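The values are calculated or read from the model by the stated rules, or taken from the named source; none is laboratory data. Bear in mind that the values here come from a model prediction, so they are computed numbers and not experimental data. Quick reminder, even Gly has a Cβ in these numbers, built from the backbone with ideal geometry, and neighbours come from all protein chains shown.
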Amino acid sequence: MVDVSQHELVPEHVLIDDPDEIQAILDEYDVRKTDLPKIKRTDPATPDDAEVGDVVKIIRDSRTTDQAVVYRLVLS
């Protein structure tokens, strides 16, 4: 079976464990955790240790900036 998360076209997905870092992100964008875009726990790119309610940082290559960072809330 192919590990989709290791494919060259799948951006890096990083689980954010630090509650202070999550709060800093929410404060920076002036949103609540539930306002973040969602990602399903069953998405093949979601980190294996992600649980419902966790926040995942997705780092994509960008043509206009070196990297584009987005955040997703893990749902069931």
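Determine which member of the set ASP18, ASP43 is closer than 16 Å to VAL74 by Cβ, of a type in the set (D, E, K, R) and modelled with pLDDT under 95. Outline the logic, then answer.
Details: ASP18 fails: modelled with pLDDT under 95.
One residue alone meets the criteria, ASP43.
Every condition in (1) surrounded by fewer than 10 Cβ atoms within 10 Å (Cβ to Cβ); (2) modelled with pLDDT under 95; (3) not in a loop (DSSP other than H, G, I, E, B) holds for SER5 except the one numbered (1). Filtering region 51-68 to residues that are exposed (fewer than 10 other Cβ atoms within 10 Å of the Cβ) and of a type in the set (S, T, N, Q) leaves THR64, THR65. Residue check: is ASP48 of a type in the set (D, E, K, R), surrounded by 13 or more Cβ atoms within 10 Å (Cβ to Cβ) and within 19 Å of VAL4 (Cβ to Cβ)? It is false that ASP48 is of a type in the set (D, E, K, R), surrounded by 13 or more Cβ atoms within 10 Å (Cβ to Cβ) and within 19 Å of VAL4 (Cβ to Cβ). Checking each residue in region 8-17 for being of a type outside the set (A, V, I, L, M) and surrounded by 10 or more Cβ atoms within 10 Å (Cβ to Cβ) picks out PRO11, GLU12, HIS13, ASP17.
Give all pairs with beta carbons closer than 6 Å in which a residue from region 1-26 that is over 15 Å from GLY53 (Cα atoms) meets a residue that is in a loop (DSSP other than H, G, I, E, B) and not aliphatic (A, V, I, L, M); count only pairs at least 6 apart in sequence or on separate chains. What qualifies is VAL4/PRO44; HIS13/PRO47.
How about region 30-54: which of its residues are outside any loop (DSSP other than H, G, I, E, B) and in contact (Cβ under 8 Å) with a residue 40 or more places away in the chain? It would help to see each step written out before you state the result.
Residues of region 30-54 that are outside any loop (DSSP other than H, G, I, E, B), as a first pass: 33-35, 38-40.
Selection gives LYS33 alone.
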